[in-house]
Amino acid sequence: RQTLVRAARETGAIITIEDHYPEGGLGDAVLDALANQECQYRKMAVRGLPRSGDSRALLAEFQIDAAAIVESALEIVDTTITA
């Protein structure tokens, strides 16, 4: 918890990424730890019916691949700068 709170204070934002449904995973645990912190928070996870297949294609399809992570980070930076 201390590390998460320090990171949220230093950066003003936290992004979690998980390769399963958003409920009950790492993202929820991080959100609980940051309940009283002011920071932007993005929880990236599988938001559709999971399936088997090529891992790169699935990560891209569910928008949790490297490109989607970069896009989410840039959106946070953009909203922080314009706020």
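Figures for the structure shown
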| read-out | value |
| --- | --- |
| For the chain, size of Cβ-based charge dipole, Lys and Arg +1, Asp and Glu -1, in debye | 180 debye |
| Gaussian network model of the chain, springs between alpha carbon atoms under 10 Å - residue of V70, V30, V46 with greatest fluctuation | V70 |
| Rounded to 10°, Cα long-axis angle of helix 66-82 versus longest principal axis of the chain | 30 degrees |
| Å² of accessible area per residue within the chain, as computed with a 1.4 Å probe and no ligands counted | 70 Å² |
| Accessible area of segment 6-83 belonging to carbon and sulfur atoms, whole % at 1.4 Å probe | 54 percent |
| Sequence of D28, D78 from largest to smallest accessible area, 1.4 Å probe | D78, D28 |
| Relative contact order computed over the chain (Cα-Cα under 8 Å; 6+ residues apart), in percent | 29 percent |
| Isotropically averaged projected area of segment 30-72, using the convex hull of Cα atoms (one quarter of hull area), nm² | 3.8 nm² |
| Size descriptor, Kirkwood hydrodynamic radius, that averages inverse alpha-carbon separations across the chain, Å | 13.7 Å |
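The values are calculated or read from the model by the stated rules, or taken from the named source; none is laboratory data. This one's a predicted model, so the numbers in the text were calculated from it and none came from an experiment. Cβ atoms come from the backbone with ideal geometry, glycine included; neighbour counts cover every protein chain shown. Side chains are part of the model used for accessible areas, which takes the heavy atoms of the whole protein and leaves out ligands, DNA and RNA. Shrake-Rupley method; radii C 1.70, N 1.55, O 1.52, S 1.80 Å.
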